[in-house]
Amino acid sequence: MAPRFGSLCYILVLIELCLVHHSLQQINPIVMGPVDTEAAEGTDAVFYCKVRTGQGLIVYWIVDRSIAVGPNVNRNEALPKYEIFGNPSNGYYNLRIKNVTLDDAFQYDCLVDAQGGGSNYEAGATLSVVNPAMAPGVPSCLDTTANEIVFDEGDELGNFRCRSSGGRPLGELKWSLLRSDQTLVDVNFDTQVDTSPSITATSSSYTMTAADHESQLACSLTHPSLNSDATCTVPSGSTKLIVRHFPIIDFGPRLDVHYLETKNVTIRCTATAYPGLIINVPELTFSDRSILLQTTLVEEGAIEAVIRISQRSDVGKSINCSATNAMGTTTTTLEIELTPVLPIWLLVVLMIIACLIVLLLSLCCCYCFCNGCKPKPTDDRPDLGDIKAAGYDVSESRSASVFQPNGLNGTDLRPINNDDDSFADMPLNDYTEYPPPPPVSDTTTTGFNDHETGEVNDGYLSPDAEDRFPPMIEDEHLMGEKRISSFKPDDMNLAPSPPPPPPLDLAPPKPIPIVEDE
């Protein structure tokens, strides 16, 4: 019987465990559901819903038993009137209805889908739209005190409560820390709404740090009827929160040295702590004291030192600043580092040298391409310098100068002496006498001379008479000029012109005899 009884007990225990497990699965995950609330037209109404965390729950809000908003956030852009907000890590999925109207007076349900549990849980409340809006009561901090509240660094802030009653709609409460530098830090809190109606916010889940020393915990109330938030503080009045913390050290500047650089640097170490420092001045320690030039006590809790560092020997050395109070000791270290950049003065010198080199190269290129390497322009006209170098006399004042090589007679164009390079001016007929005298066959007298080309000629004859035409009218600026440059042999004993060729026999041709056919 004993074995059978033991087996029966074992079976009963298993059944009991299964029932307990099933009952645990049936625990309602909604910790705090929404409550009925009132709101005035044009204001925002808020319903609060808190669920258990860490169970993989999905939360929806159901509007008027027909419209689903969610899950967890409003994902429907067609419903911007509704906002799901809060702190999901604490289980809050609250619903805000913006700019309430009479048409928003519905029932609103917080629906939780327990994944894997096969059940949905919901809690609902009704919105009433009542005019006009009504301001809530001034928030009151329930756990405030006028005495100092002391924490150690790393302590939890604790639970401080703040409450606001009445209002249409209810106001919204929020906890935050107002630090000594006038910055605000949000503090987590839990919210509780009852049917009074009233709302209570309780601070939670905040770890104190050294930055929170001499700060105040503030609860602020926001409501549409208020021009600014109403607040209450912990501690009250001007009393501050005290946070005992390790010394805080500010040590700098950063130590770095460039290539080929040696310089003097002033470093400063400042320490603050609560409670105060055991030794009022921070302590400096060097891995190599040879770099220290001098130290100076600036003020209580601050010290300065002048050091000399060099890239060649001091890279890798370190300096420590330490401060101690009742909480303990804090140490901060500066290490001399090499910055892989050339010093500024060397960069400036290199830039100047580079600019000079570029300037010299530019000047050389300009000289080469603009003068030495530039091809000479081609010109069909003879160069005057080359002509003068060859032994010619050129009249540069008159464009009609005529060149005549040596060896040409004034009346004959045939060369006489090809080896003689001398030249002289040749007289030009200026036609001051009209009609001009007839040409003379004697070669010693110059005949008519064409003003344009310098050729010897008889003037111009009419086609049916031997009368000469009047000479061409010269330009006014040429009328006074009687001689132009021309070639004339230096040897005045010119050879006589060759005799003219014999006349051609122009006798008529003899007739060709006619041969008759037989």
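Bear in mind that the values in this text are calculations on the coordinates, not laboratory data. These numbers were taken from a predicted model, which means no experiment stands behind them. Backbone-built Cβ (ideal geometry, glycine too); neighbour counts: all protein chains shown.
Observations on the model:
- The distance between label points at Ser236 and Ile278 comes to 4.0 nm (points 7 Å beyond Cα on the Cα→Cβ vector).
- Close amide H pairs (under 5 Å, H built 1.01 Å from N) link Tyr274 with His245, residues at least 5 positions away or on another chain.
- Relative contact order (percent, whole number), segment 140-239, Cα cutoff 8 Å, 6+ residue spacing: 35
- Here the gap between Met351 and Leu102, fully extended at 0.36 nm per residue and compared with their Cα-Cα distance, gives a gain of 82.0 nm.
- Separation of the Val298 and Met134 label points, Cα + 7 Å toward Cβ, nm: 6.0
- Summary value for segment 130-183: 47 percent relative contact order, contacts being C-alpha pairs under 8 angstrom separated by 6+ residues.
- Residues Val59, Val243, Val315 arranged by fewest to most Cβ contacts within 10 Å: Val315, Val243, Val59
- The string of couplings for segment 89-105 from the Karplus curve (6.51, -1.76, 1.60, θ = phi - 60°) is 5, 9, x, 9, 10, 8, 10, 10, 9, 8, 6, 4, 10, 4, 6, 9, 7 Hz, one whole number per residue in order, with x for Gly and Pro.
- Which of His258, Ala305, Tyr274, positive extreme of dipole for segment 245-316 (C-beta unit charges): His258
- Taking amide H as placed 1.01 Å from N in the peptide plane, Arg168 has its amide H under 5 Å from the amide H of Met134, Ala135, each at least 5 places away in sequence or on another chain.
- Residues whose amide H comes within less than 5 Å of that of Val35, counting only those at least five positions distant or on another chain, are Tyr48 (H built at 1.01 Å from N in the peptide plane).
- Span from the segment 219-258 Cα centroid across to the segment 62-84 one, whole angstrom: 37
- Mean Cα-pair separation over length for segment 247-338, i.e. relative contact order, pairs under 8 Å, 6 or more apart, %: 39
- Maximal additional length on extending the Leu142-Phe286 stretch stands at 46.5 nm, based on 0.36 nm per residue less the C-alpha distance.
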